[in-house]
Each structure stands twice: as C-alpha cells, then as structure tokens.
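Novice: Here it is, the structure, as structure tokens.
The values are calculated or read from the model by the stated rules, or taken from the named source; none is laboratory data. Please read these numbers as outputs of a predicted model, since none were measured by experiment. Every residue, glycine among them, receives a Cβ derived from its backbone with ideal geometry; neighbour counts consider all protein chains shown. Surface accessibility is based on the protein's heavy atoms, side chains included, excluding ligands, DNA and RNA. Shrake-Rupley method; radii C 1.70, N 1.55, O 1.52, S 1.80 Å.
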Amino acid sequence: MTPADELLHLLDIEQLEIDLFRGIGGGGETTMRIFGGHVIAQALMAAYRTVPDRLCHSLHAYFIRPGDPAIPVIYQVDRARDGGSFTTRRVVAIQHGKQIFNMSASFHVDESGYEYQHPMRDVGKPEEWPNRDELRAKMVNELPEKYHADFLRKRPIELREVAPRDFMTPEKTDDRNQLWFRMEAAKGQGPQMQHCLLAYASDMNLLGSSLRPHGLTWFQGKLMTASLDHAMWFHAPIEFADWHLYDLDAPWTGGARGFNRGAIYSESGALVASVAQEGLMRPISKR
C-alpha cells in the first residue's frame, strides 16, 4: 500500500455507534506524535458522517494535548444544529480518557452570491522547484543517523517548496513563503474526502512561516513548537489530485507564539481555501 493509499485508509474512519467514531492514530506525516493535520482531517470526516447533504465552509479547532500515534483516536460528534441553510457540528477527539483536540465545523447549502478574490501570486510552476524527497536526500547527512530513516520516509502528499531554505543553517528571511502540493491518489474521491485531504495538508509548513524571520527551523533543537489552534475556510470546489499553491505568511510573533496564515489556490488561480493558525514557538534555554 502506498503512503497515499494509507492516508485514504486513515481518513476512512470507523463508526462505533451513533455519532461515535474511531480513527487510526499512527501513520501520515509524523511518527513521534500525531500530526495536527491528521486529527483535523479525521475530525472533519467524523462530522461529515453526520452531515450527508451539504459541504463544510469553515472549521475552528484547538489542539489540547499531544496525540499518541500508538493507539486509536475516538471522535465524539455533537449535532449542535441542523438549520435550513447551515448545519453545525462539534467534534471532540479523545485518547487515554482525555480530550486531545476539539473542533467546531459549519456546513452550508450551495448558494450563489457576489464573487471576488485576491489574485494568486506568480511564483513559477511546481515543476520548477525540487520535491521534498530530493531536498531531504541531499540534507539527510546533516542530521544524526538515528533520525535518517524517519526523515527519508515516504509521505502521502507531494510537496515542492518555492525557494527552499537550508534545514540546519537558514538565514533570517521574509515570513512570506509558498509551496506547491497535491496528492494524485485524490483523483475520483468525493467532495467530502477532498475537503479532508486539504485539511490534512493545510497544517504542512504553516507554523514554519513564523520561524523564518528568526532564522529558525525545527531541526536545530533551539525551540519547542506545537500547533495551538487551527481555522480553515473552504471557498470553492477542490480537486487535490491537481497542484495547489499554498501562499503563507506570519504577520506577528511574540510571547512564545507565532501567528500564521495561508491562502490555497488551484493551479488555475482560484482561491479554494484560507487558513489561520497560532503556534507555540518557545525558546529552549541552554543550561
């Protein structure tokens, strides 16, 4: 089974009872703890299993405790409201008897209205930039050998950073950055799965925007990082088998936190989603 097939399986959560679901804890982007996009996507799928007739337009979530990849995640859905135009769901993710994550999501019937969007930035085509596997193969020897296998492990999302930085000795640079991403195995999936896949991918590189002005990356061991919350708005139909541009920035850092934003465009230039997240970026004291 390919990493992409594993992700599709991971998002096909199991129903245990009415409004109660179980998701696989391991797999995806990380092995030490559950990747934030993993639990967002599974929670959104749990909500979707109770909303058959309309699509999500926004979600707002909080990460409460680190997820344990060694055990499943239980998702409990609260049917907060079923209205004529909007449906609201609240989802709580539980491990070891405690909440690790909660999310509110709103679903909207298809309606027409006034249309406007910011244009997509011109950063070149995805084929102009190296893919993640190529970059990591070049830089793996800068890491201790015990991290090599996980660092080089195949991931489900194909990713190409625009003007990538050095992992270990990055220069201080502008917070604005972009990447292209897609998952070809998303072809033929329904709109609910397309939303869940994009929600999964929306947590990739987002917090890294706030590290850029300080010349920091996760690999240097200089700070503790974690996603604290995550908000996402879906604007237009998504076909995640095709390339999408993730245009990122971080307008503020302070108080051991960083605020990050992202706009996701289809390759044709349609703004399909917007994202915001605050993350922990706590300096590690050297004693």
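Novice: Could you give the size of the charge dipole of segment 154-268 about its Cα centre, using +1 on the Cβ of each K and R and -1 on the Cβ of each D and E, expressed in debye and rounded to the nearest 20?
Specialist: Taking the Cα centre of segment 154-268 as origin, the dipole is about 320 debye.
Novice: DSSP loop (so not H, G, I, E, B), at most 13 other Cβ within 10 Å: list which GluC sites (Glu not before Pro) in segment 160-206 pass both filters.
Specialist: For GluC sites (Glu not before Pro) across segment 160-206 that sit outside H, G, I, E and B with at most 13 neighbouring Cβ atoms in 10 Å, the list reads GLU171.
Novice: Next question, about the same structure. Which value in deg cm²/dmol, rounded to the nearest 500, describes the helix-derived mean residue ellipticity at 222 nm for the chain, given -39,500 (n - 2.57) per DSSP H run of n ≥ 4 and division by the residue count?
Specialist: So the calculated ellipticity at 222 nm is -4500 deg cm²/dmol.
Novice: Just the Cα atoms of segment 2-81: what Rg and Dmax do they give in Å?
Specialist: Cα-based Rg and Dmax for segment 2-81 come out at 12.6, 38 Å.
Novice: Could you give the semi-axes, largest first, of the ellipsoid that matches the chain, computed as the square roots of 5 times the alpha carbon gyration tensor eigenvalues and rounded to whole Å?
Specialist: Details: eigenvalues 170, 103, 70 Å².
Ellipsoid semi-axes (Å, largest first): 29, 23, 19.
Novice: Here's a follow-up. Can you give the accessible area per residue of segment 1-102, in Å², using a 1.4 Å probe?
Specialist: Here the per-residue accessible area is 48 Å².
Novice: I'd like to know which of ALA46, CYS56, TRP252 lies farthest towards the positive end of the charge dipole of the chain, counting +1 on Cβ of Lys and Arg and -1 on Cβ of Asp and Glu.
Specialist: Checked the options; the winner is TRP252.
Novice: Something else now. Å³ per residue of the Cα convex hull, for segment 116-229?
Specialist: Value for segment 116-229: 155 Å³ per residue.
Novice: Let me ask another. Give the distance, in whole Å, between the Cα centre of segment 9-86 and the Cα centre of segment 174-249.
Specialist: Taking the Cα centre of segment 174-249 as reference, the centre of segment 9-86 is 18 Å away.
Novice: What's the extension gain from THR31 to GLU127 if we count 0.36 nm per residue and subtract their Cα-Cα distance?
Specialist: 31.7 nm
Novice: Using a probe of 1.4 angstrom, how much of the accessible area of the chain is carbon and sulfur, in percent?
Specialist: C and S atoms contribute 51 percent here.
Novice: Hydropathy at least 0.0 by Kyte-Doolittle, axial extent at least 30 angstrom from the Cα trace: which helices of the chain, defined as entire DSSP H runs, fit?
Specialist: Long hydrophobic helices here: none detected.
Novice: State the answer as a single residue: which of SER202, PHE234, LEU143 lies farthest towards the positive end of the charge dipole of the chain, with beta carbon charges of +1 for Lys and Arg and -1 for Asp and Glu, about the Cα centre.
Specialist: After comparing all options, I get LEU143.
Novice: Round to the nearest 10 and report in Å² the accessible area of LEU271, as given by a 1.4 Å probe over the protein chains' heavy atoms.
Specialist: Its heavy atoms expose roughly 30 Å² to the probe.
Novice: If you don't mind, another one. Estimate the FRET efficiency between HIS148 and ILE284 by the formula 1/(1 + (r/R0)^6), using the beta-carbon distance for r and 35 Å for R0, to the nearest 0.05. Intermediate results must be reported in sequence, preceding the final value.
Specialist: Working: r = 23 Å, r/R0 = 0.65.
Efficiency computed from Cβ-Cβ geometry: 0.95.
Novice: Sticking with this structure for a sec: Pairs LYS125/LYS172; LYS98/LYS222; LYS154/LYS187: which are spaced more than 27 Å apart, C-alpha to C-alpha?
Specialist: Numbers: LYS125/LYS172 25 Å; LYS98/LYS222 30 Å; LYS154/LYS187 19 Å.
In this structure, LYS98/LYS222 exceed 27 Å between Cα atoms.
Novice: Could you size up the charge dipole of the chain around its Cα centre, putting +1 on the beta carbon of Lys and Arg and -1 on that of Asp and Glu, and report it in debye to the nearest 20?
Specialist: Its charge dipole is roughly 1180 debye.
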